[in-house]
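Data block below; observations after.
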Amino acid sequence: MPEETSPTTTKSTLKESGATPGEEQEQVVIQREAEKDLLTWEAPPRPFKRRNREFYVSILAIAGIAGLILFLIEGFIPVILIISLVFLFYVLSSVEPENIEYKITNRGFRIAGKRIDWQYLIRFWFSRRFDNELLIIETVGIPGRMELVINPGDKEAIKKTISAYLLEEEAPPSYLDRAISWFSEKIPGNK
């Protein structure tokens, strides 16, 4: 009759192929710790800032010039892409996001119910964008970074909790980061 075990403990008997008949190895006990919430907060899923008319006029002018150039070079398909990107940007800039729940657990992060394990995270640092505090976490896979909006009052507690699992070190900006920063500084109304 099999031995009854709890859900957090698994027992198994190992036999090696080189052991003499009737000889058993010791029992190995593997304990799995249940997932525990270490810290929880609610915040929007992305930084948000309402834009003014001057900003939208600038974006439309830039998109119009780029669309005209691409229409002359390639045809109509790149223009459709630019129009769809401008529409997406408009929607993201005009619809304020609802709050979602963020959790730091002993196994990783839970963001809106989905878990990202510690083994896929490299380092973290804090930043600021659009009057929002951000926790930026570098990841192993694609997209390479997670940017989580945090409440300013929770910053020290988050830092203390994550420091037990990850290194706090800011990654140097990539060429793409520098190009985006330069371009965003040139657009009127994006300060």
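The values are calculated or read from the model by the stated rules, or taken from the named source; none is laboratory data. Remember, it's a predicted structure, so these values are computed and weren't measured experimentally. Neighbour counts are summed over all protein chains in view; Cβ atoms, including those assigned to glycine, are modelled from backbone coordinates with ideal geometry.
The set of residues in region 101-114 that are exposed (fewer than 15 other Cβ atoms within 10 Å of the Cβ), in contact (Cβ under 8 Å) with a residue 60 or more places away in the chain and charged (D, E, K, R) contains only Glu101.
Each row is one residue, and each column tells you yes or no for (1) hydroxyl-bearing (Ser, Thr, Tyr); (2) at pLDDT 90 or above; (3) farther than 29 Å from Asn151 by Cα.
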site: Thr10; (1), (2), (3): yes, no, yes
site: Glu24; (1), (2), (3): no, no, yes
site: Val28; (1), (2), (3): no, no, yes
site: Asp37; (1), (2), (3): no, no, no
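Scanning region 125-166 for residues that are touching a Lys or Arg at 6+ places or on another chain (Cβ under 9 Å), under 21 Å from Asn99 (Cβ atoms), free of Cβ contacts under 8 Å to residues at least 60 places away in the same chain and hydrophobic (A, V, I, L, M, F, W, C) returns Phe126, Leu135, Ile136, Ile137.
Looking across region 26-61 at every residue that is touching a residue at least 12 places away in the same chain (Cβ under 8 Å) and of a type in the set (Gly, Ala, Ser), the one that is nearest to Lys155 (Cα to Cα) is identified as Ala43. For first residues located in region 67-95 and in contact (Cβ under 8 Å) with a residue 40 or more places away in the chain, partners that are surrounded by 11 or more Cβ atoms within 10 Å (Cβ to Cβ) and of a type outside the set (S, T, N, Q) and lie 6+ apart or on another chain with Cβ distances below 7 Å form the pairs Ser93/Arg51.
Yes/no per residue for (1) at pLDDT below 80; (2) more than 23 Å from the chain's Cα centre (by Cα); (3) surrounded by 10 or more Cβ atoms within 10 Å (Cβ to Cβ); (4) polar (S, T, N, Q):
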position	(1), (2), (3), (4)
Phe48	no, no, yes, no
Ala66	no, yes, yes, no
Phe71	no, yes, yes, no
Ile82	no, yes, yes, no
Leu85	no, no, yes, no
Asn99	no, no, yes, yes
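Where residues in region 159-191 are assigned to a helix (DSSP H, G or I) and in contact with a strand residue (DSSP E or B) (Cβ under 6 Å, 6 or more places away or on another chain), which of them is surrounded by the fewest Cβ atoms within 10 Å (Cβ to Cβ)?
Filtering region 159-191 for residues that are assigned to a helix (DSSP H, G or I) and in contact with a strand residue (DSSP E or B) (Cβ under 6 Å, 6 or more places away or on another chain), the one surrounded by the fewest Cβ atoms within 10 Å (Cβ to Cβ) comes out as Thr161.
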